[in-house]
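The values are calculated or read from the model by the stated rules, or taken from the named source; none is laboratory data. Predicted model, so just to flag it, every value in this text is computed and none were measured. Here the Cβ is made from the backbone with ideal geometry for all residues, glycine too, and neighbour counts use every protein chain on show. The protein model used for the area step is the full one, side chains on, heavy atoms only, and it has no ligands, DNA or RNA in it. Shrake-Rupley method; radii C 1.70, N 1.55, O 1.52, S 1.80 Å.
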Amino acid sequence: MQIGSITIDPPVLLAPMAGVSNRAFRAIARSQGATLCTTEMVNANALLHHSAKSYWLMELDPGETPVGIQIAGSDPDVMAAAAREAEAHGADLIDINMGCPVPKVVKNGDGSALLTDEDRAVAVVEAVVQAVTIPVTVKMRAGWDHDSITAPALAEQFERVGVKAVAVHARTRSDQYVRPANWDFIRQVKERVSIPVIGNGDVHTPADALRMMELTGCDAVMIGRASFGDPWIFRRISYYWQTGEELPPPTADERAQMALWHLERMVAIKGEAVAVREMRKQLAWYLKGTPGSAQYRQRCYALNTEAEARALVEEWREHAQDQELAWN
Ligand SMILES: Cc1cc2nc3c(=O)[nH]c(=O)nc-3n(C[C@H](O)[C@H](O)[C@H](O)COP(=O)(O)O)c2cc1C
């Protein structure tokens, strides 16, 4: 897949996820075959008010490429300025958020609220495209609710004003995360544009990824939650596309090593206290695949220090050592 001058091959992408797709996890995903990663959402207003958090969210690893910085907002001038800032910060592309369903975001007209206001959505996109020299993409839900599936018409407008690819999360805002994704929304967008369409939503396995591409004609798949505790998913998908077969699951050693690497990188970027708190859930996702794993996962939620976390992972490694682990 080609996004402007950026080649994405094989087209298996990590989804932008607040609280997850930070530098630590992007490095892991990239090492396991994610060919494009995007930062957590950066609020354009906060960025222009020089909020330290916004700059922190935009931090990239040295040599991290290709990487998108995702910005959210609904004022064309503010979004244009934020996009310039993100470009100066080293982004290879700017991704505009038109999917976030969170009330405090949509009440400002941002995120998925833009799906209800075509003029504003197009003005935002056009302003961002004009403001930067790098490619601009839009990540959108299908519409606000099932009575207003606006993504296909919007995507056509976005292509007209210079967007280089659209990612479609195949749910409406009203679906939140509860209703299953309806991949037909991706097909409907694909029918309307000639820029690449990235399919997203409920891809859990390599077979799902292939099925999504076959059913919708999308040019790439974007993986969110399936990467939790399974960053191998990117490589698994590429391998399955090439061979029609599943890679063998990681051994207990490989799982434990990945968990520890993730922990170490999180501690390096966030400091021990925050990193361990945020890693509780992540570690629990890594420590799975054996009949006796549940008790280790439960103990993850009581972790407070890096030493405790390391000791627990090592204990699980011993427990799982000689067992054959399953993927899910
Ligand atoms: C914890 C979490 C945080 C998310 N944060 C963002 C975000 O910052 N920007 C965005 O465009 N989508 C965000 N999303 C949506 C995902 O990018 C993706 O569209 C959604 O999870 C569906 O894909 P999946 O079924 O592969 O998880 C988030 C999802 C999750 C689970």
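Points worth noting:
- Solvent-accessible surface (1.4 angstrom probe) belonging to Glu159, in square angstrom, nearest 10: 50 Å²
- Between the stretch 176-251 and the stretch 133-169, the C-alpha centres lie 18 angstrom from each other.
- Accessible-area ranking of Val122, Val274, Val178, largest first, probe 1.4 Å: Val178, Val274, Val122
- Using just its DSSP H runs of length 4 or more, each adding -39500 (n - 2.57), the chain gives a mean residue ellipticity at 222 nm of -13500 deg cm²/dmol after division by all residues.
- Taking amide H as placed 1.01 Å from N in the peptide plane, Ile223 has its amide H under 5 Å from the amide H of Leu13, Leu14, Ala15, each at least 5 places away in sequence or on another chain.
- Karplus-derived 3J(HN,Hα), 6.51/-1.76/1.60, for each residue of the stretch 78-93, Hz, glycine and proline x: 5, 5, 5, 5, 5, 5, 4, 4, 5, 5, 5, 7, x, 5, 8, 8
- Mean-position separation - Cα centroids, the stretch 282-304 and the stretch 306-328, in angstrom: 8 Å
- Working note: Debye formula, equal point scatterers on the alpha-carbon atoms of the stretch 252-320, no solvent; log10 I(q)/I(0) at q = 0.11, 0.16, 0.25 Å⁻¹ is -0.20, -0.44, -1.06.
- Rg/Rh for the chain (Cα atoms only, Rh after Kirkwood) is 0.97.
- The stretch 2-243: relative contact order as a whole-number percent, Cα under 8 Å and 6+ apart: 18 percent
- Residue-by-residue Karplus 3J(HN,Hα) for the stretch 139-146, coefficients 6.51, -1.76, 1.60, Hz, glycine and proline x: 10, 10, 7, 6, x, 6, 8, 6
- Per residue, the convex hull volume that the Cα atoms of the stretch 1-131 enclose (Å³): 108 Å³
- Rolling a 1.4 Å probe over the protein heavy atoms gives the stretch 1-125 an accessible area of 36 Å² per residue.
- Residues whose amide H falls under 5 Å from that of Ile195, counting only those 5 or more places apart or on a different chain, are absent, with hydrogens built in the peptide plane.
- Its Cα centre serving as origin, the stretch 143-294 has a Cβ charge dipole (Lys and Arg +1, Asp and Glu -1) of approximately 360 debye.
- Here the stretch 2-243 exposes an accessible surface that is 49 percent carbon and sulfur, computed with a 1.4 Å probe and the other protein chains kept in place.
- Accessible area per residue, Å², the stretch 252-320 with all protein chains present, probe 1.4 Å: 46 Å²
- Taken over the stretch 140-245, the alpha-carbon convex hull comes to 96 cubic angstrom per residue.
- Electrostatic tally near Met79: other residues with Cβ closer than 11 Å to its Cβ, Lys and Arg +1, Asp and Glu -1, net -3.
- Residues of the stretch 163-243: accessible area per residue with a 1.4 Å probe, Å²: 38 Å²
- Carbon and sulfur %, accessible surface of the stretch 252-320 computed with the full protein complex present, 1.4 Å: 48 percent
- Converting phi to 3J(HN,Hα) with the Karplus coefficients 6.51, -1.76 and 1.60 and the offset θ = phi - 60°, the stretch 157-168 yields 5, 5, 4, 4, 8, x, 5, 9, 6, 10, 9, 10 Hz in sequence order, with x at every glycine or proline.
- Candidates Ser74, Ser148, Ser238: whichever shows maximal mean-square fluctuation once the chain is modelled as a Gaussian network with Cα springs under 10 Å: Ser148
- For Asp95, distant residues with modelled amide H under 5 Å away: Ile69, Gln70, Ile71, Thr137
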